[in-house]
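Data block below; observations after.
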Amino acid sequence: MFRPGWIDRFRVKPGKKLRLKDHSTGWVETKRLDKDDAKKQAEAVLQRNLEELAEAQQLLYADDRYSLLIIFQAMDAAGKDGTIKHVMSGVNPQGCQVFNFKQPSVEELDHNFLWRCMRCLPERGRIGIFNRSYYEEVLVVKVHPELLDRQKLPPGKRKKGFWKARYDDINAFERHLVRNGTVILKFFLHVSKKEQKKRFLERLDRPEKHWKFSARDVAEREFWDDYMQAYEDALGATSTSWAPWYIVPADDKWVTRAAVADIITSTIREMDLRYPEISPEERQALMEARRQLER
């Protein structure tokens with residue numbers, strides 16, 4: 001089931017028209033396997049990658065040439081929080097930062113749409129995770145264009161060319177980051193409308209999850225088709241060779257977590273990280289330190 005190359009099918013190829021209907025929200029290969037066996041395989045993949053990620057994070061920090069930026073976008077209840085929690089569970093908190101981007105503040109609206117995320121970029125040697133991101137500006141804002149009125153933009157039409165310009169700005173921004181050592185991974189957790197409804201009802205049935213539910217979540221379901229179109233446009237326009245998008249099935253959380261973990265660890269593995277080499281003088285100092293300790 002989880003054979004080499006299995007994650008390649010999730011990657012959005014640059015320059016090709018995207019149709020989300022062509023991407024399953026569930027893991028289709030489970031139909032050929034017993035579900036319990038499939039879950040065991042996924043859990044084994046996740047555990048193996050958690051161990052590797054913990055080691056890779058230390059190497060990323062020691063190498064101190066690169067940073068890793070991981071972006072999660074999805075419809076409500078797709079499992080972003082749970083995926084971050086499980087995939088990053090073995091990572092040292094000192095080397096990882098998670099940022100949630102909700103409705104922009106007055107200060108943030110006084111800057112360009114990339115600014116609030118720029119302030120939160122990971123420094124070299126660290127992993128940064130964006131739970132939502134500047135992509136909200138071409139997703140929720142595109143679905144609700146009246147939000148643009150709060151952004152104090154110069155006068156001009158807000159039609160197709162406006163959104164293309166934002167895609168171009170995002171691509172240029174991400175290319176700048178990559179050229180300067182930030183490796184970027186972007187995940188769209190693809191949940192079905194049916195599964196979202198199921199998870200919303202579970203939140204209503206369980207008092208300890210009431211805090212996660214908002215009446216606005218239900219209202220936004222009325223714009224489902226608009227959101228799917230906005231995602232198709234954004235993912236198709238901004239999945240590049242330097243900052244790819246991955247469309248990960250999200251109806252089965254165990255598949256989502258295994259896939260995300262595998263993509264992250266595979267990416268770090270390809271970064272040619274290495275521990276710094278010490279100079280002859282530093283090596284001599286280490287030998288002298290050992291002699292002193294032994295005495």
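Approximating the spin labels as points 7 Å out from Cα along Cα→Cβ, the D149-to-W224 distance works out to 2.9 nm. The overall shape of the range 221-295 is prolate: from the C-alpha gyration tensor, with semi-axes ordered a ≥ b ≥ c, the ratio a/c is 1.5 or greater and a/b exceeds b/c. For GluC sites (Glu not before Pro), the sites in the range 229-285 that DSSP calls loop and that have at most 12 other Cβ atoms within 10 Å are E270, E277.
Per residue, the average separation of C-alpha pairs within less than 8 Å and at least 6 apart gives the chain a relative contact order of 35 percent. In this structure the amide hydrogen of T182, modeled in the peptide plane, comes within under 5 Å of the amide hydrogens of S67, none closer than 5 places in sequence on its chain. Every Cα-Cα pair of the range 6-294 was included, and the share exceeding 28 Å stands at 43 percent. Charging the Cβ of each Asp and Glu at -1 and of each Lys and Arg at +1, and nothing else, the dipole of the chain about its Cα centre rounds to 760 debye. Ordered by the count of other Cβ atoms within 10 Å of each Cβ, fewest first, T256, T25 give T25, T256. Panel order for K39, K142, by other beta carbons found within 10 Å of each beta carbon, from fewest to most: K39, K142.
Listed by Cβ neighbour count within 10 Å, with the fewest neighbours leading, E202, E220 appear as E202, E220.
Read-outs throughout are calculated quantities, based only on the coordinates presented, and are distinct from any laboratory measurement. Remember, predicted model here, so these are calculated numbers, not experimental data. Virtual Cβ from ideal backbone geometry, glycine too; neighbours counted across all protein chains shown.
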